[in-house]
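Structure, as structure tokens:
We did not get these values from a lab; they are worked out from the coordinates using the rules stated. These numbers were taken from a predicted model, which means no experiment stands behind them. No Cβ is skipped: glycine too gets one built from the backbone with ideal geometry, and neighbour counts run over all protein chains shown.
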Amino acid sequence: MTTASATTLGTDEIDRRFAAVLARSRRQIFWPVGLALGVLVYLVYAWIAFDMTSLVQQSRFDRAAILALDSFAYKVHVTEDLRDAGAPLEISIEGARQGGFREDPDWVVRTETGAAVDLGDGYRAVIEGRTLTLTGPGLDGPVEARVLEDGTVEATGSRPDWVKVNDRRFEARPTLFQRVRITRTRIELHRYFVGWENFWFDYDSPYHGMGLMQAWAYAGSQPQIEEGISNRALIFSNFWTNKEWQHGDVFKALLETILMALLGTLVASIVGLPLAFLAARNFNPVMASRMAVRRVFDFLRGIDMLVWSLIFIRAFGLGPLTGIMAIAFTDTGTLGKLFSEAIENIDGKQVDGVKSTGASPVQRYRFGVIPQILPIFVAQSLYYLESNTRSATIIGALGAGGIGLKLVETLRTGVDWENTFYIILLTIAVVIAMDIFSGWLRRKLITDA
Amino acid sequence: MTATSPGDHAPRMIDQIDQEFGKAERKRRLYTALFIAATLFVMVGGFGIAEDMNSGSFIGGLHKFFDYPANIVAESFEAGWGWYPLLLHFAPALIETVNMAAVGTILGGVLALVLAFCSTRGLGVWPPLIPICRRFMDGARAFPELILALFLIFVLGASPVPAIIAVAFHTAGALGKQFSEVNENIDRGPLDGLAAAGANWTQRMRYGVLPQVLPNYTSYLLMRFEINIRASAILGFVGAGGIGQELRKAIGWTQGAETSALFVLLFLAIVAIDQISSTLRRRLTGDGVGHV
């Protein structure tokens, strides 16, 4: 403190001397404590208002596990039809009718009366007529299940907790990667494999089942597979028109979303700039017109992008144009406001300096004003370009089109979660790429200017 | 610039400068022209593509632009005095949306606070944690809220909670980045002083950092709250409840009066919160803050 005294102060002495300071600091403690208590009370209220307790009970976390698994794995069904004793064993990817194999995979061995199937992780299933025997690690003995002649399902042998059985149904899921399901009409075995099935080529393609490199090599070694198109071009066209993954459509949707963000922001900043001059105190001395422009900005901003996109969907229909207009309208308001604030804050001396050299009004704007606001103009426009890439996804999902709509479509059908996952990954990649691109451009333009 | 020795003749120097300047000027002009050309190209080309991709055309849709708002206004006038009670009728939905945004902002804000402290150098945090927290925040920011909300609605069922979690997650990333930028810019003096007086880590943070960062934190938090109200309204549209869901119903069933009541309510709420928070922010920090 101020003087170095030889005596040390006792606690009482400190209390007495700095009573005012200490009292204030004690009073200050109540503030954060009170605030924290208030927030806590509010959260409790929210917990009750949103009925969290029943939500926790109702939520389907099993769904999450299955979705998560489905996003990076696919399953192969092995199905024995019990209604038709003569029918051969069916093996198909995801149970799709056309998802057959050209030849049996090596983990399925057909026998006279059924099949022996290796389900992976040490689990094996043997189908004999109407009986299934399941063996695997951690079991004291085999699990046996059969469908009796009258159609009831019964299980004997060991009964681990992952087996669920009643009269009409037998269900076993030793791990997430195997599943056995028996009903009156069929025995169904699922084995999961990590990967995205048919990602490159669908069933109709001559390259089906190959990777990209493999197909390239195959194309080189084969005579022309399809007339009128070279083998290598066929690779691309088959990939592009893949019916399951729809790479072409997804790419088009991505392009739409990027277009929305890019053009929307561009239009907003180009329209916003001249309007911003009208809204700035130092350039528009007429109060009434200034206020009018500002209210227009507030109106455009306040209506919200969501509502604008709904109005434009009615007018222009689905597509990027709708998204562009919605983004342009909202952000003309936002950017106009930001630009007008920047214009009001410019340094007048620079304009005076240019004026003193006998510059015309146009030159005064060009050399006195523009250089001062250009960095802000560029920086803000690019920031908004970044956030509008995200917004374009969102208004797209509400109906404007683009990758957002594609995402909602795949999510609604809820069958091919891996497609959804693929689109999510692409969307995030685009958002991050936009982020990096605009950051790079910003640094480049502003440091060079 | 070329180096010139003091012995050079003045006229030559001016010539040289003139030449250099001309070169730089020409280069600059070229870049400007290129930039403008590129912008024009993107505009014209982009609008061409957009027009092609769109299901309705621009010119064809232009006259329809006012149809929908006109319809809504007409139907609202038809409703007459019955329109005003609608505002009251939908007030609970608005409150739910505001609550969603508030809870999301609070939870996200707490997470952001932790992340911000963990991603700032020089605050005595375990160093390997810094890049991990930064990458996490980048990811949380880039992830569109809508996707997370849709996924959570699938798992948790249609209720406001998925929206809250989605909003909180995005908020943690966005606010965390702003918070950590504030942290980076603090004056280290008080920290050194406290360390010299023997203060422990908590005390250093409490008395050295918090007083410096709190005004900016609050300001950013309010701004995020504002953004989150819009986000919550939008998420309601995909089934998360609140005013968005009511709006979707009203639009889907083409109930003009209800739609306009909801628009007005949403507009008023956004403007009111905009005004309140910008007044508060100005008082806290003296001027506006940037945008992320």
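Scattering from the stretch A:247-448 was approximated by placing one identical point on each alpha carbon and applying the Debye formula without solvent; log10 I(q)/I(0) at 0.10, 0.19 1/Å stands at -0.50, -1.23.
Short-range pairs are left out: with C-alpha atoms under 8 Å and at least six residues apart, the relative contact order of the stretch B:70-285 is 32 percent. Just checking the listed ones, B:His89, B:His170, B:His63: in the Gaussian network model of chain B with Cα springs under 10 Å, the one fluctuating most is B:His63. Think of the stretch A:222-297 as a dipole: +1 on every Lys or Arg Cβ, -1 on every Asp or Glu Cβ, centred on the Cα centre; then among A:Pro274, A:Gln224, A:Met260, A:Pro274 lies furthest on the positive end. Taking the number of Cβ atoms within 10 Å of each Cβ as an exposure proxy, the fewest-first ranking of A:Phe329, A:Phe316 is A:Phe329, A:Phe316. In this structure the amide hydrogen of A:Glu94, modeled in the peptide plane, comes within under 5 Å of the amide hydrogens of A:Lys75, A:Val76, A:His77, none closer than 5 places in sequence on its chain. Counting only other chain Cβ atoms within 10 Å of each residue's Cβ, the peptide B:150-158 averages 6. For the peptide A:303-313, the mean number of other protein chain Cβ atoms found within 10 angstrom of a residue's Cβ is 5.
For the stretch A:74-194, dividing the convex hull volume of the Cα atoms by the residue count gives 102 Å³ per residue. Relative to the dominant Cα principal axis of chain B, helix B:145-156 is inclined by about 50°. Here the calculated FRET efficiency for A:Phe437 and B:Arg26, from their Cβ-Cβ distance with R0 = 41 Å, stands at 0.90, rounded to the nearest 0.05. Ordering A:Ile48, B:Ile132, B:Ile229, A:Ile343 from the fewest to the most neighbouring beta carbons within 10 Å gives A:Ile48, B:Ile132, A:Ile343, B:Ile229. Each Lys or Arg adds one and each Asp or Glu takes one away; over the other residues whose Cβ falls under 11 Å from the Cβ of A:Thr393, this sums to 0.
Relative to the Cα centre, the charge distribution of the stretch A:247-448, modelled as +1 at Lys and Arg Cβ and -1 at Asp and Glu Cβ, gives a dipole magnitude of about 720 debye.
Semi-axes of the equivalent ellipsoid for the stretch B:70-285, computed as √(5λ) from the eigenvalues of its C-alpha gyration tensor and ordered from largest down, come to 42, 19, 11 Å.
Label zone of B:Leu210 (point 7 Å out along Cα→Cβ, amide N under 15 Å): in the stretch B:89-126 this covers B:110, B:113-114, B:117.
Kirkwood hydrodynamic radius computed over the stretch B:13-52 comes to 12.1 Å, based on all pairs of distinct alpha carbons. Springs join every pair of Cα atoms under 10 Å in this Gaussian network model of chain B, and among B:Leu115, B:Leu175, B:Leu30 the largest mean-square fluctuation is at B:Leu30. For the options B:Gly56, B:Gly109, B:Gly176, a Gaussian network treatment of chain B with springs between C-alpha atoms closer than 10 Å singles out B:Gly56 as fluctuating the most.
With point charges of +1 on the Cβ of Lys and Arg and -1 on the Cβ of Asp and Glu, referenced to the Cα centre of the protein assembly as shown, which listed residue (A:Ile187, B:Leu280, A:Ala400) lies farthest in the positive direction of the dipole? Farthest towards the positive end: B:Leu280. Considering helices alone, the calculated mean residue ellipticity of chain B at 222 nm is -26500 deg cm²/dmol, with DSSP H runs of length four and up weighted by -39500 (n - 2.57) and normalised per residue. Sparse packing (at most 15 other Cβ atoms within 10 Å of the Cβ) combined with a DSSP loop state is found for the following trypsin sites (Lys or Arg not before Pro) in the stretch B:186-273: B:Arg188.
Cα-based radius of gyration for the protein assembly as shown, normalised by 2.2 N^0.38 Å, reads 1.21.
Restricting the calculation to Cα atoms, the stretch A:243-345 yields a radius of gyration followed by a Dmax of 16.7, 62 Å. Taking Cα atoms only, the orientation of helix B:10-53 departs from the longest principal axis of chain B by about 20 degrees. Would you be so kind as to identify which of B:Gln16, B:Gly48, B:Ile36 lies farthest towards the positive end of the dipole of the stretch B:13-52, taking Lys and Arg as +1 and Asp and Glu as -1 on Cβ and the Cα centre as origin? Value: B:Gln16. Count Lys and Arg as plus one, Asp and Glu as minus one, and take only other residues whose Cβ is under 13 Å from that of B:Ala233; the net charge is then -3. Note on chain A: with charges restricted to the Cβ of Lys and Arg (+1) and Asp and Glu (-1), its dipole about the Cα centre is near 2660 debye. Using only the C-alpha atoms, the convex hull of the stretch B:80-152 corresponds to 130 Å³ per residue. Overall, the stretch A:74-194 carries a charge dipole of about 400 debye about its Cα centre when +1 sits on the Cβ of Lys and Arg and -1 on the Cβ of Asp and Glu, all other atoms neutral. Relative to the dominant Cα principal axis of chain A, helix A:247-279 is inclined by about 10°. Under the criterion of Cα pairs below 8 Å and six or more residues apart, the relative contact order for the stretch A:80-212 equals 15 percent.
Sites counted here are GluC sites (Glu not before Pro) in a DSSP loop (not H, G, I, E or B) having no more than 11 other Cβ atoms within 10 Å; the longest part of chain A that contains none of them is A:228-449.
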